[in-house]
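None of the figures in this text is laboratory data; all of them are computed from the coordinates on show. Just so it is clear, the structure is predicted and the values come from calculations on it, not from any experiment. Please note: Cβ atoms are built from the backbone with ideal geometry, for glycine as well, and neighbour counts cover all protein chains shown.
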Amino acid sequence: MNIVLLGPPGAGKGTQAKRIEKALGLVQLSTGDMLRAAVAAGSEVGKKAKAVMEAGKLVSDDILIAMISDRIGEADCKNGFILDGFPRTVAQAEALDKMLGARGLKLDHVIEMQVDDAALVERISGRYSCKDCGAVYHDKTKPTKVAGKCDSCGSANMVRRPDDKADTVAARLKAYHDQTAPIIPYYRAKGALKVVDGMADMDVVTAAIAKVLGKPIAAI
Ligand code: ADP
Ligand code: ADP
Ligand code: ZN
């Protein structure tokens, strides 16, 4: 099963992708995580992406399309994948259709998670994650059970993203509304779009996604 999770920054894509990954044995493909790894490694892609990401703008379509095209060809994607953060432009959505078609694959579900801008700012400003396993937390809505210690792997290595600052968040929301929102009608026209209320509690969102997918998903 191949899934796209669509939604603005802070909508809960990563949180839900991790739950789907665990429940259904699919692979989460987070382009944000891939780009952050490239920045940390200092690769050519990372050098190009760093300043763009810090400014809250979108990295070029060419880089993202090449990255995903390579990644979906890897062995672990054989059972299916969850795209989290890709596509983010109509050009990326069209390129995705082509690369899937060329491999005899298709998208089974495109799920839009709707969240108000004001709630997104709250979510992003309280977000932190585990550097070792990637589990995502929030100061108010999802703190670690033991302060400073990851629920999933026990690590004490908690990090906040440099672009999760109030001034960058406005630019990221603008990029979403200007460049990413136009892919919603693109998928709606194909009859592939399902909408879930991303404002609901995390576990309620998980249940709504499980209903769309027709499979049980545990809250973690
Ligand atoms: P969020 O989880 O807040 O939605 P991501 O981790 O997905 O953010 O992305 C972080 C940043 O990485 C984006 O602001 C953008 O600069 C870059 N990025 C990630 N995915 C894409 C993409 N598909 N196209 C262009 N830029 C991207
Ligand atoms: P995205 O990947 O779309 O940027 P995340 O999954 O990283 O979003 O979630 C953004 C922040 O909001 C995180 O701190 C997360 O713990 C929190 N969060 C996610 N879903 C919900 C929800 N349904 N209600 C409240 N907070 C949430
Ligand atoms: Zn961890």
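A full extension of the chain between D178 and K57 corresponds to an added length of 42.5 nm, given 0.36 nm per residue minus the alpha carbon distance. Placing dummy labels 7 Å off each Cα toward the beta-carbon, the span from C77 to A102 is 1.1 nm.
Straight-line cross-link partners of K47 among the lysines, defined as a Cα under 30 Å from its Cα and at least 8 positions apart when in the same chain: K13, K18, K57, K98, K131, K165, K174.
Over the chain, Cα pairs under 8 Å with separation of 6+ residues give a relative contact order of 29 percent. Measuring r between the beta carbons of A147 and D167 and using R0 = 35 Å, the FRET efficiency lands at 0.80. Between V110 and V4, K194, the built amide H atoms are under 5 Å apart, and every one of these is 5 or more places off in sequence or on another chain. Scanning residues 5 or more positions from Q28 or on other chains, those with amide H under 5 Å from its amide H are I82, with H placed 1.01 Å from N in the peptide plane.
Packing, taken as the mean count of other beta carbons within 10 Å per residue, orders the peptides 161-169, 194-202 from highest to lowest as 194-202, 161-169. Note that the range 24-33 has calculated 3J(HN,Hα) couplings of 10, x, 8, 9, 7, 10, 9, 5, x, 4 Hz, one per residue in order, obtained from phi through the Karplus relation 6.51 cos²θ - 1.76 cosθ + 1.60 (θ = phi - 60°); glycine and proline are x.
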